[in-house]
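Encoded as structure tokens, the structure appears first; notes follow it.
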Amino acid sequence: MLSRDEVLKIARLAKLSLTEKEIEFYQQRLGRILTYVEELNALATADTSVVRTIPKDAVAFREDRPIPFGDVRELLKNAPASEADSFLLPQVME
Amino acid sequence: MDFNRLEILDLLEGYQRKEFSPSEVAQSLLTSIEKKDGEIRSFLQVRPDVTLDAARAIEKRSSEIQKLPLYGVPIAIKDNILVTGWQATAASKILKNYVAPFTAMCVERLESAGALILGKTNLDEFAMGSSTENSGVAPTRNPWKTDRVPGGSSGGSAAAVAAGFAPASLGTDTGGSIRQPASLCGLVGVKPTYGRVSRFGLIAFASSLDQAGPLTRSVWDAARVLECMAGYGGKDATVSRSVVPKYTENLNESAFGTVRNLRVGICTSWLEGVDPEVRTAFEAAVEKLKELGMRPVEVELPNVKYALSTYYLVATSEASSNLARFDGVHYGYRTPNPKDLDDLYCRSRGEGFGPEVKLRIMLGTYALSAGYYDAYYGKANQVRRLIQQDFEAAFEKCDVIASPTSPTTAFKIGEKVSDPLTMYLSDIFTLPANLAGIPGISVPVGVDSAKLPIGMQLMGRHFDESTLFQVAYCYERRRGALANAPWRGSKSGAGA
Amino acid sequence: MKNPLEKYEVVIGLEVHAQLLTKSKMFSEAPNQFGANPNEMIGPVCSGQPGSLPIINQTAIDLGVRAGVALHCKIHEESVFARKHYFYPDLPKGYQISQYERPYCTGGYVEFALKDGSVRKINLVRIHFEEDAGKSTHASHGTLVDLNRAGVPLIEIVSEPEMRSSEEAGQYLRKLRSILRYANICDGNMEQGNFRCDANVSIRLHGAKEFGTRVELKNINSFRYVEKAIDYEVSRQADALEQGEKIRQETRGWNAVKGVTEIMREKEMAHDYRYFPDPDLPPLVISPQLIQKITTEMPELPDAKRIRFIEEYQLSEYNADVLTNSQELADFYERVAKGSGNAKSAANWVMNELLGRLNAVGKEIDDTPVSAENLALLVKNVDSDKISGKIAKTVFDEMFASGKSPDAIIAEKGLVQISDPAALEAVVKKIIEASPSEVAGYKSGKTKLLGFFVGQVMKETKGQANPGLVNDLVKKHLDG
């Protein structure tokens, strides 16, 4: 069981608003999972090599050639609010 | 004509012989969906006009049929994969009205091969789940028995194919989300090697684990879809440059020769706790592999018992990062009337994400946070390396590793939601392949006494899908047809 | 406090963000272009769409390696891209792709001269790659977000806290900027925001071993402001300490209008960026072959040019440093030096006359009304005695105002120096005859009166007489 403060701290970092019920719910659930994963501490891993997940023949580079996106307005269409081709936020910033 | 039961191979042959056309097939399937998906709820979006337009367009290219390996084949796409003009919601309220501005590389390749987009299918929200009960829309029902889950997270994709609405669908697999629903719905499901298929256009869950792959009713079909969708494409830095083999080329009589004398690894200790009927069916399947000439070999996978813990730290950490972009600013749900910027963020995300997603975001945030990184994310990655090493060692002794795909058959809707770990344990056999990056295929082996499907999983070396397909193909031929499959119009199924 | 530096030592470290001169962005093919309409230069990746993935711009890496070579860094064969998480409207993914524990460069240094001629060497901690964020503009009814700048390639250059004065900070920046411009890595334009500087400033008593609490200064967007902001901050901190207050570790923004630093409205909580290696990108490999290639292709950099200027043109350290500050200025100077054959004089004219005037009207050497060829001609004219040094200044003023050549101006205004002995003798004789009492005075020992006669001759000739020659002639005629 995680403390209420710990859950609120994580929620703040993750920018998630939680209701009172949710706080209790996550205290329980997170606590349960964190207890379960403690089993990893028993394993000796000091000498393990670094995990690599990407195939060796993957090439991560591209040529420096600009390719404009077809219609940038498509990227604005999904915005909750926009104005004059900018994304618009309500009056929330100082 | 009943197109619901046709496999891709059947469709291609029919088109070739001009027995029917892509628009006929597409129309028939769309009608089927309209009439029967109300109960199953496999689809989140269909656009019949768009699909039929595409069908008519492909018909104009009928002279090129030889060059279009998926000519006129309708495919359903999981709704966490982007297709221009179609919704991409990840079954989440936070992306409710999102319309994709570009198409995923793997889908683009399918379209280049002549495939038709049939619709977007349901999933556990952001692919987080093993039953599709976490969908922010509604749960999907298993066409074999509609009081059962289809598995998850690609439950919609599995149900659509199992119900006969589509001959094939795309799912994504991060911890088993293609293979497990395939198993629970009596289908073939493939998770390719990590880096075989481009992730460009997949709404990311866990970047080092996610792979898109096919769900189909036959091994040949899955091979055909994978050989078309895989490959580099230039938009993903984690994809192999190697040429994608034509997997279907070996799926014929020659496969039997290749398969004979291959060694199949079994990790007996791993099988503890499996449902007894599943165990029996698995053992019978292994007998069939022996009949094919394969030699069973006992292998050790000493660290797979830590796969669940490892996965739940690695995947959630990466997910917490990948989901940081859903903040109500540039797209997606924004909370009305926020009082300040922090409120806009917290309430948009708090209101937009479902409980399982929030749980995983918080777990991942915790695992990456200052002071906890080494003990959680750092440690989990070290154990991941141990698991990778286990498989490297095992593949010295064998060529494929076999296990049941899921410890149980399809459970009832609502049965496992109360305890997170019970649900997570559904993935016990599938998680290791994602952690090790190796390919895995689930093939149906039969049904249990409740007539629910059981699947066998085969895992192979990196980029050795070829061997997996050949073994699976030979096994499938040896097994024969699956009884009571709902796509053939059985009593409880939707295809009729 | 009147003179804080008497009691306190200033410790300054600088972090510079320099945009790389690529055509497309760091991790995507969207164009890297300044000044476009809002959101004209975006794509799926830099706008953080779901399903988008980063791919590394090869040229950005090449330019970064060039910077590492030019700044004498250790360039690591393997480095790692890491995600830095925070929420802000101009950061669409909710994280920035940067480098954390394993940057591509560590070490390195920047050398530069100060006005007093001394040479300083400031060591670097590291350089790493990262992507830029977009821009938010506040309006009355809300905030507008433009993502054109999001994803532009940056290198962040972090110095050791070894600077001890605002002058050093200013010179360090000028030198760094000049190196980056010489090597075509970055445009170095602070006003346009492609070269940005944050300063970490603390003070401590002379001789103290521990550093004082440091304050981060942001929002410094011109070279002028760097020194002003630091000076202000130093006196603010000194005043505070003198009054027994503690310095708070905080971020302050420079307010150019008020000429002060002010606390920035940021969250008081320290950021937990939750860095981890980006799983979408493999480790960045920079091969020795690449480093070799970039080293051989490197243009002559300011330090090399500076050393060459000192040797070839016999310039002082400081002058050489100033004249190699920019490629354009160095080229200009060399054309004047070579064209006139008088490097020293060329240096004087460029530094003392031309640069001052350009500065006063806010112009750069690129916009000089006086061409290098014309300035070289001017120097030659003085050296050949066609005009005197004094007249040359007048000619120069006219050159600056009109852009005309010196010869044209001299001709127009009839300013040719009179060096014809016969012509001058006539005038000398005339003056001597007209000033008998001064002649008598001179002959009786008041040798200073020589100046009187020379002055009169100059006046008579409207300053155009060759003064040296006049001097000799007067002496000759007086001494008999």
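The values are calculated or read from the model by the stated rules, or taken from the named source; none is laboratory data. Everything quoted here is computed from the prediction, not taken from an experiment. With ideal geometry, Cβ positions are generated from the backbone for all residues, glycine too; neighbour counts draw on all protein chains shown. All accessible areas refer to the heavy atoms of the entire protein, side chains included, with ligands and DNA or RNA removed. Shrake-Rupley method; radii C 1.70, N 1.55, O 1.52, S 1.80 Å.
State all residues of the stretch B:13-27 that are in a helix (DSSP H, G or I), out of contact with any Leu (no Cβ under 8 Å at 6 or more places or on another chain) and open to solvent by less than 30 Å² (accessible area, probe 1.4 Å); if no residue qualifies, say none.
B:Tyr15
Any residue at all in the stretch B:322-330 that's under 28 Å from the mean Cα position of the chain (by Cα), assigned to a loop (DSSP other than H, G, I, E, B) and closer than 25 Å to A:Leu75 by Cα?
Yes.
Select from the stretch B:411-456 the residues that are charged (D, E, K, R), in a loop (DSSP other than H, G, I, E, B) and modelled with pLDDT of 95 or more and write down the one among them that is most open to solvent (accessible area, probe 1.4 Å).
Among those that are charged (D, E, K, R), in a loop (DSSP other than H, G, I, E, B) and modelled with pLDDT of 95 or more, it is B:Lys451.
With the structure loaded, tell me whether B:Gly234 is within 14 Å of chain A (Cβ to nearest Cβ) and touching a strand residue (DSSP E or B) at 6+ places or on another chain (Cβ under 8 Å) or whether it fails that test.
For B:Gly234, the condition - within 14 Å of chain A (Cβ to nearest Cβ) and touching a strand residue (DSSP E or B) at 6+ places or on another chain (Cβ under 8 Å) - is met.
Within the stretch B:303-315, is even one residue open to solvent by 10 Å² or more (accessible area, probe 1.4 Å), out of contact with any Cys (no Cβ under 7 Å at 6 or more places or on another chain), hydroxyl-bearing (Ser, Thr, Tyr) and not in a helix (DSSP H, G or I)?
no
Looking only at residues that are in contact (Cβ under 8 Å) with a residue 40 or more places away in the chain and within 11 Å of chain A (Cβ to nearest Cβ) in the stretch C:50-76, which one is surrounded by the fewest Cβ atoms within 10 Å (Cβ to Cβ)?
Result: C:Asp62.
What are the residues in the stretch C:136-169 that are within 9 Å of chain A (Cβ to nearest Cβ), open to solvent by 10 Å² or more (accessible area, probe 1.4 Å) and not in a strand (DSSP E or B), if any?
C:Ser140, C:His141, listed by residue number.
Which one is nearest to B:Leu215 (Cα to Cα) among residues in the stretch B:237-272 that are open to solvent by less than 60 Å² (accessible area, probe 1.4 Å) and within 14 Å of another protein chain (Cβ to nearest Cβ)?
B:Val244
For every residue, the table says whether it meets (1) assigned by TED's automatic domain parsing to the domain that holds C:Arg83; (2) assigned to a helix (DSSP H, G or I); (3) over 30 Å from B:Gln211 (Cα atoms); (4) open to solvent by less than 20 Å² (accessible area, probe 1.4 Å).
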position: C:Val322; (1), (2), (3), (4): no, yes, yes, no
position: C:Phe332; (1), (2), (3), (4): no, yes, yes, yes
position: C:Val336; (1), (2), (3), (4): no, yes, yes, yes
position: C:Ser345; (1), (2), (3), (4): no, yes, yes, no
position: C:Leu354; (1), (2), (3), (4): no, yes, yes, yes
position: C:Gly362; (1), (2), (3), (4): no, no, yes, no
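With more than 25 Å from B:Ala204 (Cα to Cα) and of a type in the set (A, V, I, L, M) as the only criterion, which of C:Met1, C:Met26, C:Met41 stands out?
C:Met1
Give the number of residues within the stretch C:294-311 that are under 21 Å from the mean Cα position of the chain (by Cα) and either in a helix (DSSP H, G or I) or not aliphatic (A, V, I, L, M) (or both).
11
Could you please give the count of residues in the stretch B:94-125 that are more than 17 Å from B:Arg179 (Cα to Cα) and not in a loop (DSSP other than H, G, I, E, B)?
Total meeting the criteria: 17.
Considering only the stretch C:128-138, I want to know if a residue exists there that is within 20 Å of C:Gly193 (Cβ to Cβ) and of a type in the set (Phe, Trp, Tyr).
Within the stretch C:128-138, one or more residues are within 20 Å of C:Gly193 (Cβ to Cβ) and of a type in the set (Phe, Trp, Tyr).
Looking at the stretch C:436-471 only, could you name the residues that are farther than 26 Å from C:Lys413 by Cβ and charged (D, E, K, R)?
C:Glu438, C:Lys443, C:Lys446, C:Lys448
Looking at the stretch B:45-56, is at least one residue open to solvent by 30 Å² or more (accessible area, probe 1.4 Å), of a type in the set (Ser, Thr, Tyr) and closer than 28 Å to B:Gly489 by Cβ?
No, there is no match, as no residue in the stretch B:45-56 is open to solvent by 30 Å² or more (accessible area, probe 1.4 Å), of a type in the set (Ser, Thr, Tyr) and closer than 28 Å to B:Gly489 by Cβ.
Any residue in the stretch A:17-34 that is touching a strand residue (DSSP E or B) at 6+ places or on another chain (Cβ under 9 Å), more than 8 Å from chain B (Cβ to nearest Cβ) and without any contact (Cβ under 8 Å) to a residue 60 or more places away in the chain?
No, the conditions are met nowhere in the stretch A:17-34.
In the stretch A:53-94, how many residues are at the interface with chain C (Cβ under 8 Å from one of its Cβ atoms), under 18 Å from C:Asp278 (Cα atoms) and open to solvent by 60 Å² or more (accessible area, probe 1.4 Å)?
1
List, please: which pairs have Cβ atoms under 6 Å, are six or more places apart or on different chains, and start with a residue in the stretch C:304-319 that is assigned by TED's automatic domain parsing to the domain that holds C:Val336 and of a type in the set (A, V, I, L, M) and end with one that is assigned to a helix (DSSP H, G or I) and modelled with pLDDT of 90 or more?
As it stands, the answer is C:Ile310/C:Ala320; C:Leu315/C:Phe309; C:Leu315/C:Ala347, since those pairs meet every condition given.
Within the stretch B:394-409, identify whether any single residue is crowded, with 24+ Cβ neighbours inside 10 Å, away from chain A (no Cβ under 14 Å) and in a helix (DSSP H, G or I), and answer yes or no.
No - not one qualifying residue is present in the stretch B:394-409.
Collect the residues in the stretch B:337-374 that are surrounded by 23 or more Cβ atoms within 10 Å (Cβ to Cβ), more than 10 Å from chain C (Cβ to nearest Cβ) and free of Cβ contacts under 8 Å to residues at least 12 places away in the same chain, keeping them in residue-number order.
B:Lys358 - this is the single residue of the stretch B:337-374 that is surrounded by 23 or more Cβ atoms within 10 Å (Cβ to Cβ), more than 10 Å from chain C (Cβ to nearest Cβ) and free of Cβ contacts under 8 Å to residues at least 12 places away in the same chain.
Going through the stretch C:112-124 one residue at a time, which ones are surrounded by fewer than 16 Cβ atoms within 10 Å (Cβ to Cβ) and either among the charged types (D, E, K, R) or in a loop (DSSP other than H, G, I, E, B) (or both)?
C:Lys115, C:Asp116, C:Gly117, C:Ser118, C:Lys121
Might you check whether a residue that is over 23 Å from B:Val137 (Cβ atoms), surrounded by fewer than 24 Cβ atoms within 10 Å (Cβ to Cβ) and facing chain C (nearest Cβ under 9 Å) occurs anywhere in the stretch B:325-336?
Within the stretch B:325-336, not a single residue is over 23 Å from B:Val137 (Cβ atoms), surrounded by fewer than 24 Cβ atoms within 10 Å (Cβ to Cβ) and facing chain C (nearest Cβ under 9 Å).
If only one of B:Lys60, B:Lys96 is over 18 Å from B:Leu170 (Cβ atoms) and touching a residue at least 40 places away in the same chain (Cβ under 8 Å), which one is it?
B:Lys96
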